[in-house]
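In what follows, a single structure is set out as C-alpha cells and then discussed.
The values are calculated or read from the model by the stated rules, or taken from the named source; none is laboratory data. All figures in this text were calculated on a predicted structure; none of them were measured in a lab. Neighbour counts are summed over all protein chains in view; Cβ atoms, including those assigned to glycine, are modelled from backbone coordinates with ideal geometry. All accessible areas refer to the heavy atoms of the entire protein, side chains included, with ligands and DNA or RNA removed. Shrake-Rupley method; radii C 1.70, N 1.55, O 1.52, S 1.80 Å.
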Amino acid sequence: MIKNKTSSEHLGWVVLLLAAAVILPTVCLLWFMTTAVRNERLAVRQKLVDMYSGRARHFFAEVPNLYFTGRFEHFNSYPLAETHNFFGLFAAGPDSPFQGMLIYDSDGALLYPAIAFYAGQQDSEPNLLLADKSKVTTEDIYQLLYPKIPGKFNLSPADIMRYRVYLAESFLKTKDNRLLDHLRTALDSDPFIDQGPAETIIWQLEKLIAVAQQADLTDNLASEIQSAGHRIIAYANALEAALRYPSVNRLGNWTNQTIRRLEPDLDLYGFKCNIQNQAVVGILTQDSALKILTASMRDIQDDMINIQITDNFGNVVIGNPDNNEKPFLTASAGKFLPDFTVSVSFKNTMVFEKAANRQTAIYTWTAILVVLLMLLVGAVSIRMVGRQIRMNRLKNNFVATVTHELKTPLSSMRLLVDTLLDGNYTNQRQCKEYLELISHENERLSRMIDSFLTFSRMERNKQVFDFQPVSPADIVHAAAQAVQPKMNQPGCRFSVLVNENLPQIHADKDAMTTVLVNLMDNAYKYSNPDKTIELKAYSENGKVCFAVKDNGIGISRRLQKKIFDRFFQADSRLSRSAEGCGLGLSIVKFIVNAHKGTIDVNSKLENGSIFTVRIPT
Ligand code: ADP
C-alpha cells in the first residue's frame with residue numbers, strides 16, 4: 001500500500017511537470033502571438049507607408065523634373081527679341097507649353113502683349129482718317145488695307161484690325177468673293193498687327209470668326225479658325241494676368257522656374273522664369289497645370305490611396321476636398337511646384353486591417369497547430385510516463401506476488417515433508433495423501449515457474465514455436481488430461497465437447513495446450529465452490545474455435561479490456577484467494593497472436609465467463 005501511494009505521488013508530480021512543460025510554452029506562444037498580431041497591424045501600415053513614401057519621393061523629385069526639364073529647355077534658349085513670335089510659339093500654338101504669356105522688359109514693365117485698355121471702344125466705327133465719312137466706300141478701305149503702293153497710310157495695328165473687321169462685314173453684306181481671301185489674311189498672325197493691344201486682337205479675331213460662320217466659310221478656313229481660337233485663349237489669359245501683374249514687382253517673391261496659381265479665384269497658373277535678363281511668366285490653364293500634376297502622379301496613384309494636391313492658396317486642385325482621412329505623408333510637390341502641397345492618405349484604414357488580418361490568420365493557425373501539437377505531445381508523454389509508472393508498479397507487485405506464490409507451495413511442501421520425516425502419520429494412506437499433496441504443490445510450483453519462463457522468453461522475443469498440422473481434438477484432449485486431476489475435485493463439473501472431425505490447424509500443439517490449460521485454470525480459480533466448467537471445440541466461418549466456459553465470478557466490462565495486459569489482476573491483493581501472478585492471459589494472448597488467431601471474452605459480473613480462441617484453419 002505504501003509503495004502504491006509513493007508511485008501515484010510520483011505520477012502526480014510527473015504529470016504536473018509535464019503539464020507545466022506543455023502549458024508554459026503554450027501560454028508564452030499565445031502571448032507572443034497576440035503581441036505579433038498587434039505589431040502586425042502597425043508593421044503593415046508602416047510597410048505601406050514606406051512603400052508609398054518611396055514612390056512619392058520619386059514623384060516629387062524625379063517625375064516633375066523630367067517633365068519640365070525637357071519642355072522648358074527650348075523655351076529658355078529661344079531669342080526673346082521678337083516677342084510676338086516668342087508668344088506665338090510658346091503661348092499661342094496648338095502644341096505650346098503655355099496658354100498665354102507675359103513678357104516684361106529689363107526695367108520690369110510689361111512688354112508683351114500690349115494692353116491698351118481700349119475696353120468698350122473695339123466695337124466702334126473705325127476712324128477712317130477721312131474727312132467725310134459718308135463718302136468712304138468699301139473699295140477705299142480695301143485699298144487702305146491692301147494698297148497697290150505699300151505704306152501709303154501710317155496706320156496703327158489697332159486701326160488695321162478695325163478696318164479688317166469693317167471690310168469683312170461689308171464684304172459679307174455685298175457677298176463679295178474677296179471675303180475668303182480677306183478672312184484668310186486677317187485671321188493669320190502678323191508680326192506688325194500682333195504688336196497691337198491684346199483686347200483688339202481678341203475682338204478682331206472673334207468678329208472675323210463670326211463673319212466666317214455667317215458666310216458659311218468655316219470649312220474652308222478650318223485651320224485658320226482653329227489657330228485663331230488658340231490665339232484668342234492665349235491673349236485672353238495674358239490679358240487677365242496682365243491686369244493683375246502689370247509690372248514685375250507685382251510678381252512678388254516668386255522663385256524663378258516654379259509654378260504658382262495666379263489668384264485664388266482665377267483658374268490660371270504661371271511659370272515664372274528669367275530669360276535673357278527679362279522676366280517671363282508662362283500662363284497655364286487649370287487643365288494644363290493639372291495635366292502636368294496628374295502625369296507626374298500616375299506613378300504612385302493606385303486604388304489604395306487618395307492623393308490630394310493643394311495650390312499655393314490652399315485650394316484643393318486635385319483630389320476630393322472632403323476627404324477626412326489623416327494623410328500619412330504631406331510634402332511639397334518638388335522643385336517646380338514648391339508651393340503646392342501633396343498629401344497622401346489611405347482610402348480607408350480597412351486596407352491594413354485586411355492585410356494585417358491575412359497575416360494574423362497565418363499566425364493564428366500556426367499558433368493553433370503548434371499548441372495542438374504540443375498538447376498532443378504532452379498528452380502522449382503523460383500517457384507513456386503513466387504507463388511506465390504503472391508498469392513499474394505492476395512489476396513491483398509481480399515481484400511481491402511471485403515471492404508470495406513461491407513461498408506458499410514451498411512452505412506447505414516443507415511442512416508436509418517435516419511431518420513425514422517426524423513420522424507424524426497414522427497409516428500408509430495418510431502418508432500417500434501427504435505425498436500427493438507434496439506432488440500437487442510441486443506441480444503448481446513447476447507451472448508457475450513455466451509461466452515465468454514463458455513470459456521471460458516472450459519478453460525477450462525468444463519464444464520459438466513448432467508449427468505443425470494438428471487436429472484440434474488432440475489439443476483439447478491433451479489440455480483436458482492436464483487439468484483432469486483438478487477438475488475431478490468434488491464440487492466441480494467438467495465437460496468436454498469436441499468434434500473429432502474438425503479440420504486441422506497449423507499450430508504448436510504444446511503452446512495451444514498451454515492456452516487451454518491456462519484458460520481452464522482461470523475458470524477453475526475464478527469460480528465458486530460449485531463449479532461448472534465446459535471445454536468446447538467447434539468450427540465457425542472457416543476457423544476452429546476453442547471455448548472455455550465457467551459459471552464463476554465473471555469480469556466487469558471495464559476490466560475485460562485489461563485482463564490481457566501483463567501483470568494485470570482484477571484483484572491484486574496479496575491476500576486474494578486465487579493463486580497466479582497476472583501473466584496467464586497475457587501468455588495466452590501472445591500464443592494466440594503467434595497463431596494469427598484472436599481471443600475474446602464474453603462475461604458478466606457474477607454470471608460466469610466464456611473465453612473463445614479462434615484459430616484460422
Ligand atoms: P492470474 O494469474 O491472476 O490468473 P491471468 O492473466 O490469468 O492472471 O488473469 C488476469 C486476471 O483476469 C485475473 O487476475 C482475474 O481477475 C481475471 N480472470 C481471468 N480469467 C477469469 C475468469 N474465468 N473469470 C473471472 N476472472 C478472470
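Figures for the structure shown
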quantity: Accessible surface of the chain, 1.4 Å probe, proportion on carbon and sulfur as whole %; calculated: 54
quantity: Mean residue ellipticity (222 nm) of the chain, computed from DSSP H runs ≥ 4 via -39,500 (n - 2.57), nearest 500; calculated: -18500 deg cm²/dmol
quantity: Distance histogram in 5 Å bins (all Cα pairs of the range 334-441, percent per bin); calculated: 2, 8, 8, 7, 5, 6, 5, 5, 5, 5, 4, 4, 4, 4, 4, 3, 3, 3, 3, 2, 2, 2, 2, 1, 1, 1, 1, 0
quantity: Base-10 log of normalised Debye intensity for the chain (one unit scatterer per alpha-carbon) at q = 0.08, 0.11, 0.12 Å⁻¹; calculated: -0.80, -1.08, -1.18
quantity: Estimated FRET transfer efficiency (residue 136, residue 184; beta-carbon r; R0 30 Å; 0.05); calculated: 0.80
quantity: The range 259-315, relative contact order [Cα under 8 Å, separation at least 6], %; calculated: 31
quantity: Along principal axes, Cα extents of the range 475-586, largest first, whole Å; calculated: 44, 32, 24
quantity: Compactness of the range 403-449 - radius of gyration and Dmax, Cα, Å; calculated: 11.2, 34
quantity: With all protein chains modelled, accessible area of residue 261 [1.4 Å, Å²]; calculated: 20
quantity: Residue 384 accessible area, 1.4 Å probe, all protein chains in place, Å² to nearest 10; calculated: 120
quantity: Positive-end residue of 297, 340, 94, charge dipole of the chain with Cβ unit charges; calculated: 297
quantity: Calculated SAXS-style log₁₀ I(q)/I(0) at q = 0.16, 0.24 Å⁻¹ - the range 208-272, Debye, Cα scatterers; calculated: -0.66, -1.00
quantity: Three-way shape label, the range 527-617, alpha-carbon gyration tensor, a/c 1.5; calculated: oblate
quantity: Net charge, residue 317 excluded, C-beta distance under 14 Å - Lys, Arg +1, Asp, Glu -1; calculated: -3
quantity: Set 509/536; 407/561; 536/604; 407/525 screened for pairs whose C-alpha atoms are more than 28 Å apart; calculated: 407/561
quantity: Rounded tilt (10° steps) of 198-214 against the dominant C-alpha axis of the chain; calculated: 90
quantity: Gyration tensor (alpha-carbon) shape descriptor, the range 263-354, a/c threshold 1.5; calculated: prolate
quantity: Dimensions (Å) - the range 404-527, Cα atoms, principal axes, largest first; calculated: 55, 37, 25
quantity: For the range 333-461, accessible area per residue (1.4 Å probe, heavy atoms of protein chains only), Å²; calculated: 64
quantity: Area accessible to solvent at residue 250, 1.4 Å probe radius, in Å²; calculated: 130
quantity: Alpha carbon convex hull of the range 353-397, volume per residue in cubic angstrom; calculated: 28
quantity: Whole-number D in µm² s⁻¹ for the range 303-373, Kirkwood Cα-pair radius fed into Stokes-Einstein, 20 °C, 1.002 mPa s; calculated: 147
quantity: Tail fraction, Cα-Cα pairs, the range 171-298, threshold 27 Å, whole percent; calculated: 35
